[in-house]
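Structure, as structure tokens:
The values are calculated or read from the model by the stated rules, or taken from the named source; none is laboratory data. Worth saying up front: this structure is predicted, and the values here are computed from it rather than measured. Methodologically, a virtual Cβ is constructed for each residue, glycine included, from the backbone with ideal geometry; neighbour enumeration extends over all protein chains shown.
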């Protein structure tokens, strides 16, 4: 997942607070940044890194004098990696904590639930996750990549370097999994390949065994997955390795 970094955070927040404000006002109160992340649920595997990198960025920014003379404070909330948790988290950040902006690395389910709240509260919202695209709001700024940037290199590599002609697609059953693999299927078919199977597991599902059995039965040339970024990735990777399947595997839900 995309982590926060000091230059991006500082530049974004400087743009948000504006350069024309009075210096006395700027120096008076800290800039409050809300961070919504899945401390529980599917994203809990990666959430600690998000929290730690956010804290590191703020420490470095404040040590350098803050942003336009103002110190930065974090308000971290748990979106529980899903829609219901995100509604509670964003209500807290927007209407109780009254943060100046929100920066998140979260599931598409959480993001989609958050956007109406962000719009109602008129809070700038920086979304750092790569995602399935086609989700827009005048309050949302995205610095992650989308299917048009991510899918082609994986599919092209499998076709040209591995000789893959048939593909099996596996994902979690929500906006990210469905959106990514819908784009992937169309791309494969447009470039002469064939999708021989497509299966989805609920975002809180943990047993991939039946799906792996189906994959084994049809002998695809390659496997491509789009799962929620934390626990499902770990579970699928472990069970895939344990199954003995050795086909080329492209994961659209993980980065370096």
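For region 107-129, a residue qualifies if it is part of a strand (DSSP E or B) and within 12 Å of the chain's Cα centre (by Cα), and the qualifying residues are 126, 127. Applying the criterion of being over 25 Å from residue 121 (Cα atoms) and free of Cβ contacts under 8 Å to residues at least 40 places away in the same chain to the residues of region 39-53, the residue that is farthest from the chain's Cα centre (by Cα) is 52. Within region 171-196, the residues that satisfy the criterion of being surrounded by fewer than 20 Cβ atoms within 10 Å (Cβ to Cβ), touching a strand residue (DSSP E or B) at 6+ places or on another chain (Cβ under 6 Å) and either within 28 Å of residue 83 (Cβ to Cβ) or modelled with pLDDT under 95 (or both) are 173, 185. The set of residues in region 219-253 being within 17 Å of the chain's Cα centre (by Cα) and without any contact (Cβ under 8 Å) to a residue 40 or more places away in the chain consists of 251 alone.
Yes or no, residue by residue, for (1) farther than 19 Å from residue 41 by Cβ; (2) within 17 Å of the chain's Cα centre (by Cα):
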position	(1), (2)
55	yes, no
60	yes, no
70	yes, no
75	yes, no
80	no, yes
85	no, yes
93	no, no
96	yes, no
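With the structure loaded, tell me whether residue 250 is assigned to a strand (DSSP E or B) and surrounded by fewer than 17 Cβ atoms within 10 Å (Cβ to Cβ) or whether it fails that test. So residue 250 fails the test. Listed conditions (1) free of Cβ contacts under 8 Å to residues at least 24 places away in the same chain; (2) part of a loop (DSSP other than H, G, I, E, B); (3) buried (at least 18 other Cβ atoms within 10 Å of the Cβ) are all met by residue 132, apart from (1). When the residues of region 208-218 are narrowed to those that are surrounded by fewer than 18 Cβ atoms within 10 Å (Cβ to Cβ) and touching a residue at least 12 places away in the same chain (Cβ under 8 Å), which ends up farthest from residue 81 (Cα to Cα)? Among those residues, the one meeting the criterion is 218. If the condition is being in contact with a strand residue (DSSP E or B) (Cβ under 8 Å, 6 or more places away or on another chain) and either farther than 28 Å from residue 109 by Cα or surrounded by fewer than 14 Cβ atoms within 10 Å (Cβ to Cβ) (or both), then region 220-247 contributes 220, 221, 245, 247. Residues that are within 30 Å of residue 124 (Cα to Cα) and in contact with a helix residue (DSSP H, G or I) (Cβ under 7 Å, 6 or more places away or on another chain) within region 142-185 comprise 143, 147, 151, 172, 174, 175, 176, 180, 183, listed in sequence order. Pairs linking a residue in region 149-172 that is farther than 21 Å from residue 130 by Cα to a residue that is in a helix (DSSP H, G or I), with Cβ atoms under 7 Å and 6 or more positions apart or on different chains, are 164/158; 167/188; 168/215; 168/218.
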